[in-house]
Amino acid sequence: MSDTATTTTPMQRVTLQLGQIRVNENNVRQDLNLDEKFLKSIAANGVKVPVVVLPLGEDTYELKMGHRRYFAARATKETEEEQDAIEVPAYVLDPSLREAGEDFIDQLIENDDDYRRGLTDLEQADALFGAVGAGMKQARVAELTGRSRKAVSQAVKTAKTVGERTRSALAETGTYDLDLEALGVLGEFDDDPAAVDRLLEAYRAGRFEFQVQWERDDREEQQARAKVRPQLQEAGGRLAEDADTLPPTAELLRELPGPDGEPLSAQAHAECPGHVATWAENPGEPGEVGTSAPTPTGSATCRPRRTTRRRTATATSSRPRWRRPSRRSRRASTSRRATRPTTPPRRPGRRG
């Protein structure tokens, strides 16, 4: 039999068998909501959080708190005899210290959402990560928590990738309602605090998915550019970055007529002192490079011959100054587009 005590105190902890416990007929809960995850956890771990009971007589108690745990524990066994033998931790109340109607107040306080808060998805992921870090196998963690192995693996990976800078940003903004998928995206950009800030701002504005795609596209482009730069340097070419200001006379070579009236080729213009490579304005692939001719006025090497295709002096002088938009302006433009829920974002500078 159980190790019940002969003298009760306001909250005495004992171990009881379910057969000793009677269900409170005044329990206001109508829906026990014994979902599969909860049942699996009770089956694997038993009842961890003590139920609360009130003595009725010798070795008999009335259940005051913990009805879901009580019925979930019974559901782990087939026969009533097996169910009655299940042992659970319990706190025994002192009847002399109870007020009339206190049972109902206890039920309200214990189950009211205003008084209870579950762990956030990130806190749950940290707990699963901590269990694995302490040496428990993921399969065992899944068994004990009623989760799938895939869910445990995703949570552990998320907890590992979301670093302190991102956690600080979450705390500063009070953003705790992100699910594991969104947290995984933040972990993806944990090395870029500015990107994390933009993503959190987009999450609050309801355009998180759009911003995620933009950030991924932008990162892909920057990584591709990092590979192209050394190739251009090795070939001896000059490269104008986004922040560089080209002179007002800058022209894309494809817009300049050559001596034969056809578009000027990069090879024909290679010896010009103003020849420079620029990142393509409408790239087909990330990191594509275009060729420009920011040539000083009067340079004979890029002054086209008079042909029917040559621009007039007025047209040439009125041509707007060309400059690739900076990353900041591209972000702003993308953000404005992203606020329209019916139009998915496109990579800055791309067509289609």
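The figures follow:
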item: Rounded percent of accessible protein surface that carbon and sulfur make up, region 82-192, 1.4 Å probe; result: 50 percent
item: Burial ranking of peptide ranges 122-129, 254-261 (average Cβ count within 10 Å, highest at the top); result: 122-129, 254-261
item: Portion, in percent, of the accessible area of region 15-81 that falls on carbon or sulfur, probe 1.4 Å; result: 44 percent
item: Segment residue 177-residue 228, length gained on full extension (0.36 nm per residue, minus Cα span); result: 14.4 nm
item: Fraction of accessible area attributable to carbon and sulfur, region 199-282 (%, probe 1.4 Å); result: 49 percent
item: C-alpha center-to-center spacing [region 203-232, region 34-101] in angstrom; result: 54 Å
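The values are calculated or read from the model by the stated rules, or taken from the named source; none is laboratory data. Please read all numbers here as calculations on a predicted model, not as lab measurements. So basically every Cβ, Gly included, is an ideal-geometry build from the backbone, and we count neighbours across all protein chains shown. Areas reflect the complete protein model, heavy atoms only, side chains present, ligands, DNA and RNA absent. Shrake-Rupley method; radii C 1.70, N 1.55, O 1.52, S 1.80 Å.
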